[in-house]
Each structure stands twice: as C-alpha cells, then as structure tokens.
Amino acid sequence: MRVLTVAGSDSGGGAGIQADLKTMLALGAHGMSVITAVTAQNSLGVQGAWELPAEAVRAQFRSVADDIGVQAVKTGMLASAELVETVAALLADLPAPVVVDPVGVSKHGDPLLAVEALDAVRTKLLPTATVATPNLDEVAQLTGVRVESEEDQRRAAGAVLGHGPRWALIKGGHLPGGEAVDLLMDGTEEHWLRAPRQDNRHTHGTGCTLAAAIATYLAGGYEVPQAVTAAKEYVTGAIAAGFPLGAGIGPVDHGWLREGSG
C-alpha cells in the first residue's frame, strides 16, 4: 500500500506528518509525505509555524505521485488559502480516495489555518474528499453548526456534506460523557461509532492519526464504513496505550498493535 500525507510537520512527533507516517507504518503501508508547513511544537502547544511556498508543495506532490504513485491521500494542516487551493487542484483529478482532515486548531487551541482560508476549504478542498473528518470546533468553523448533542452531530454531518465530500465523519470526542461517539454519514447511510472514553492525557495527534488510518485502510481496499470503523479501533487502542511524554498533552502510541502482539 502506498499512502500519501499532505500536512504540517510536528517537531514533537505527536501529530502531523510524523503521526501520519507512524500510523501508516503500523498498519502495513509505505507512507510518503508532502510537507506544507513546519511547526515548533511540543506537549505544551505550538510555539511557531512557517508555511512552505506553494511551489514547494506542488513539487513534492508531483515528485511522489508521478513516479511512485499513491493509493490514498490524507490531508491535514494546510495553513493558508493559497495552499488549500494548490492542494485541492492537485487532488481534483487524482484517481485515489482522499481523506480530508480540515485542521483548524491544534489540540492546545493554537490556530493552524488562516481564517481567510475557510472559504477555500469549503469550496475547493471538501469537494475532493472521499471522507471529511472534522472535529466539533472545525464543524463550527466550517458550517456554523454548534454540536452539543448526538442530534446536533446529525445536523452537522448534513451541513458538511453540503460542501461536497462523499462521506462526513463528525468526531464527537469533545462531547461530554463516558463514550467517544462519532457519526459517519453519506446522506443515505448513517453509522454511529462508539468507544469507551480513555481517561488519560495521551490525546495529542488523535485527529491526524485517525485520518491517516482511514486513508491507509482505504488504500487496502476497505469500503468507507469498514475503514472508519477499523481506524477508530486503532486510535482507541493508541490512546489507551499512550506515551507520558512532556509536561502537557502527550502523544498516542502508534505502535501499540505491534507491541501488543509481542
């Protein structure tokens, strides 16, 4: 399997490109990367971010896609309207499933997408998506829907689908309660995915990891509902295993499957 991530670099290794490549390796894929931005980041937050030129992003993508080829793509931090539009144009004619994680803010609340880029995400990027995976803050940014209940998740999914992705996965990890409840919809089918909420601080990079896992399972031939279900199981295990690194929000353990089998 050949899976490409188009995202930002996390110097702390918990999210972004680093989390994506670890996830792909753990699930048996060859991971490749297009770096859109470089961040100075650790368990306490994002101390700095610098986006790459559109030309550099375009060249990385063409270099990989034209020679090695890709069987699925995952997008993450795209930072600016120019980069959103650049990546959307590259994905428009790609004959492979695309998982769009419309990253707006970090786990610590640091902004990772310019406000003026939101319209480009809605009109250019989301229509390329096989699956869009916004969290509740990103849903509010993109659609104005404030999710406070499971019924709100259904409304949010409809609003996201209105921007063109084939499937919308509304992640309910920020809702209160003993379960982390996600809703996957395509306008016809509805799948509720539930998992016990893990009581620890090892949640840095969960969104990146989930989207990368979905892309990897899609590259392996899974249908969307099966890919999302398997990815959620993987992420739940990774949070439970976790790493107590740093003084803040630690990363998940991407290698927990291999470690568990030993």
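Observations, loosely collected:
- Nearest-0.05 FRET efficiency for R194 and R155, computed from C-beta distance (R0 22 Å): 0.70
- The length gained on full extension between R166 and A89, counted as 0.36 nm times the residue separation minus their Cα-Cα distance, comes to 26.0 nm.
- Taking every protein chain into account, the accessible area of the chain amounts to 41 square angstrom per residue (probe 1.4 Å).
- Comparing T133, T39, T203 in a Gaussian network model of the chain where C-alpha atoms under 10 Å apart are linked, the largest mean-square fluctuation is found at T39.
- Packing-based order for 164-170, 50-56, 10-16, using average beta carbon neighbours within 10 Å, highest first: 10-16, 164-170, 50-56
- Positive-end extreme of charge dipole, region 125-182 - chosen from N135, L161, P176 (charges on Cβ): L161
- Surrounding net charge for A37, when Lys and Arg each add one and Asp and Glu each subtract one, Cβ distance under 11 Å: -2
- Three-way shape label, region 131-262, alpha-carbon gyration tensor, a/c 1.5: oblate
- Global form of the chain, assessed from the alpha-carbon gyration tensor, a/c cut-off 1.5: rounded
- In the chain, the DSSP beta bridges split such that about 45 percent are antiparallel, to the nearest 5.
- Length released on extending from D186 to W50, taking residue separation times 0.36 nm less the Cα-Cα span: 45.5 nm
The values are calculated or read from the model by the stated rules, or taken from the named source; none is laboratory data. Keep in mind it's a predicted model, so treat the numbers as computed, not measured. Please note: Cβ atoms are built from the backbone with ideal geometry, for glycine as well, and neighbour counts cover all protein chains shown. Please note that ligands, DNA and RNA were not included when accessible areas were found on the heavy atoms of the full protein model with its side chains. Shrake-Rupley method; radii C 1.70, N 1.55, O 1.52, S 1.80 Å.
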